[in-house]
Amino acid sequence: MPAYDPDPKMKFTFGLWTIANPGRDPFGGPTRETISPVDVANILGEAGAYGINFHDNDLIPIDASPAQADTIKKDFKKALKQNGLVVPMATTNLFSDPVFKDGAFTSNNAKIRAYAIQKTMRAMDLGAEFGAKIYVFWGGREGAESDATKNPIDAIKRFREAINFLCNYSIEQKYGYKFAFEAKPNEPRGHIYFAVTGSYLALIPTLDYPDMCGVNPEFAHETMAGLNFVHHVAQALEMKKLFHIDLNDQEMGRYDQDFRFGSVSYKAAFHLVKLLEDYNYNGPRHFDSHAYRQSDYQDVKEFAKGSMRTYMILKEKAAKWNADKEIQALRNEINLGDPNLEKLTKKYNSGNAKKLLEAPLDRTDLANARLPYERLDQLTAEVILGTR
Ligand code: GLT
Ligand code: MN
Ligand code: MN
């Protein structure tokens, strides 16, 4: 039996906010005591993770004095070292404080927009101090309940302006950050701007530094919108824009659950892992999830181990699927090539157009080709369920 131990090459990371999540929900207060960043590093070190990511205020409380900040940083650096952990990604909390109640970069108030950019510059300094190279932007409060309150076109322009400014800051400071935008359709706002990963993929070419910018899709977020997460990740991968990924789980049509990766949708999780592995995704595999509200910290450690273990198991299943002779034979059967026609349609020219118009393509004949998808899907299910 393989051990399914976390492989450092997979770059499994967790957020400080995920492990330290105290089990609060909109209807009830914490069910777990507050733990420090050092405690989180110890839990993740024992679980065998690769790294820890943080928002500025996960590490340094918003009201900490400079002296307190120094002590926290010193202690955390020591704990990271002792546990062999790195910090690949950092981000800004632009959603918890009341100042951001109506957004940060898209706020209607110019002073709040400026404060959000200033706070992000400082948070970028902090991330760089810990060696982070990826900077995530999740616009949790960038949205509206009523479109009477904000102009959605202004919101796009304001967001773009903030990102352009911050790209320049990163370049000037030589931080080498890559920016990764994370979409979400709603929660905490009624409607969040840039609701799906594709919204950001469309924004990126309009930025001043498109090469610096990519996406950080989260399993739960497209799923909340009733969409196929794997397809969104595929589009980002195909565009070479998948800079980071938030793995977790979620049932459709529910509140933002942020469940342990692979705890609900085994099949979608399998196809996601297969996609990432088949296309050699090389960025961090970040778990943006938290343990059930019922768990104690011993169980939180199990949650962290389980997230990585499930990924390793699914990675093995994906390799099995690729090596399965019957599955591959079916794949060959359904992927019908035609070198001559493919040459014709690859690139337009008038000669090819003429030849294509003359090609004898009989729709009744074509519709007769077999598509044994039931068989293929059953075999896939059996790989996942472990009978193959
Ligand atoms: C918050 C949110 C996540 C984002 C984090 C980054 S914070 O937990 O629910 O999806 O990735 O800001
Ligand atoms: Mn989420
Ligand atoms: Mn996330």
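The values are calculated or read from the model by the stated rules, or taken from the named source; none is laboratory data. Treat the numbers as computed from the prediction; the structure is a model and nothing was measured. A quick note on method: Cβ atoms are made from the backbone with ideal geometry, for glycine too, and the neighbour counts reach across all protein chains shown. These area figures cover heavy atoms from the full protein model, side chains too; ligands, DNA and RNA do not enter into them. Shrake-Rupley method; radii C 1.70, N 1.55, O 1.52, S 1.80 Å.
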Of those in segment 104-140 that are charged (D, E, K, R) and farther than 19 Å from residue 178 by Cα, the residue farthest from ligand 2 (Cβ to nearest atom) is 111
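Would you confirm, using the coordinates I've provided, whether residue 219 is under 20 Å from residue 186 (Cβ atoms), within 16 Å of ligand 1 (Cβ to nearest atom) and open to solvent by less than 30 Å² (accessible area, probe 1.4 Å)? Let's see the steps before the verdict.
Values: under 20 Å from residue 186 (Cβ atoms): yes; within 16 Å of ligand 1 (Cβ to nearest atom): yes; open to solvent by less than 30 Å² (accessible area, probe 1.4 Å): yes.
Yes, satisfied.
Mind checking whether some residue in segment 111-127 is among the β-branched types (Val, Ile, Thr), open to solvent by 60 Å² or more (accessible area, probe 1.4 Å) and closer than 26 Å to residue 11 by Cα? Break it down stepwise before answering.
Step one: filter segment 111-127 for residues among the β-branched types (Val, Ile, Thr), giving 112, 117, 120.
Then drop every residue that is not open to solvent by 60 Å² or more (accessible area, probe 1.4 Å), which leaves none.
No, segment 111-127 contains no residue that is among the β-branched types (Val, Ile, Thr), open to solvent by 60 Å² or more (accessible area, probe 1.4 Å) and closer than 26 Å to residue 11 by Cα.
For every residue, the table says whether it meets (1) part of a strand (DSSP E or B); (2) surrounded by 16 or more Cβ atoms within 10 Å (Cβ to Cβ).
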{"residue": "6", "(1), (2)": "no, yes"}
{"residue": "14", "(1), (2)": "yes, yes"}
{"residue": "62", "(1), (2)": "no, no"}
{"residue": "76", "(1), (2)": "no, yes"}
{"residue": "80", "(1), (2)": "no, yes"}
{"residue": "90", "(1), (2)": "yes, yes"}
{"residue": "104", "(1), (2)": "no, yes"}
Quick one: residue 250 ticks every box in (1) open to solvent by less than 10 Å² (accessible area, probe 1.4 Å); (2) within 19 Å of residue 134 (Cβ to Cβ); (3) not basic (Lys, Arg) except a single one, so which number is it?
-> (2)
Boolean, residue 103 is modelled with pLDDT of 95 or more and away from ligand 1 (no atom under 16 Å from the Cβ) = no
With (1) open to solvent by 70 Å² or more (accessible area, probe 1.4 Å); (2) of a type in the set (A, V, I, L, M); (3) touching a residue at least 12 places away in the same chain (Cβ under 8 Å) as the list, and residue 384 as the residue in question, which single condition is left unmet?
-> (1)
Can you confirm whether segment 373-388 contains a residue that is farther than 19 Å from residue 274 by Cα, part of a helix (DSSP H, G or I) and of a type in the set (S, T, N, Q)?
-> no
Condition test on residue 292, is it modelled with pLDDT of 95 or more, open to solvent by 70 Å² or more (accessible area, probe 1.4 Å) and within 16 Å of ligand 2 (Cβ to nearest atom)?
-> yes
Considering each residue of segment 264-290, count those that are away from ligand 3 (no atom under 16 Å from the Cβ) and part of a loop (DSSP other than H, G, I, E, B), and give that number.
-> 6
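Just give me the residues in segment 39-60 being assigned to a loop (DSSP other than H, G, I, E, B) and surrounded by 18 or more Cβ atoms within 10 Å (Cβ to Cβ), in sequence order.
Quick first cut of segment 39-60, residues assigned to a loop (DSSP other than H, G, I, E, B) only: 48-50, 60.
Those that are assigned to a loop (DSSP other than H, G, I, E, B) and surrounded by 18 or more Cβ atoms within 10 Å (Cβ to Cβ): 49, 50, 60.
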Assuming residue 227 fulfils every condition listed in (1) in a loop (DSSP other than H, G, I, E, B); (2) crowded, with 20+ Cβ neighbours inside 10 Å apart from one, which condition is it?
-> (2)
The number of residues in segment 148-185 that are open to solvent by less than 50 Å² (accessible area, probe 1.4 Å), in a helix (DSSP H, G or I) and under 21 Å from residue 126 (Cβ atoms) is 6
Lone unmet requirement of (1) under 18 Å from residue 105 (Cα atoms); (2) not in a strand (DSSP E or B) for residue 234 = (1)
With the condition kept exactly as written, say whether any residue in segment 64-74 is touching a Gly at 6+ places or on another chain (Cβ under 8 Å) and at pLDDT 95 or above.
-> no
Between a first residue in segment 146-160 that is under 15 Å from residue 112 (Cα atoms) and a second residue that is of a type in the set (Gly, Ala, Ser), which pairs have beta carbons less than 7 Å apart while being 6 or more apart in sequence or on different chains?
-> 150/144
From the list 206, 197, pick out the single residue that is among the hydroxyl-bearing types (Ser, Thr, Tyr) and either away from ligand 3 (no atom under 15 Å from the Cβ) or touching a residue at least 60 places away in the same chain (Cβ under 8 Å) (or both).
-> 206
Of the residues in segment 16-38, those that are part of a loop (DSSP other than H, G, I, E, B) and not charged (D, E, K, R) come to 20, 21, 22, 23, 26, 27, 29, 30, 31, 34, 35, 36
Failed item, numbered, when residue 269 is tested on (1) of a type in the set (A, V, I, L, M, F, W, C); (2) within 16 Å of ligand 1 (Cβ to nearest atom); (3) open to solvent by less than 10 Å² (accessible area, probe 1.4 Å) | (2)
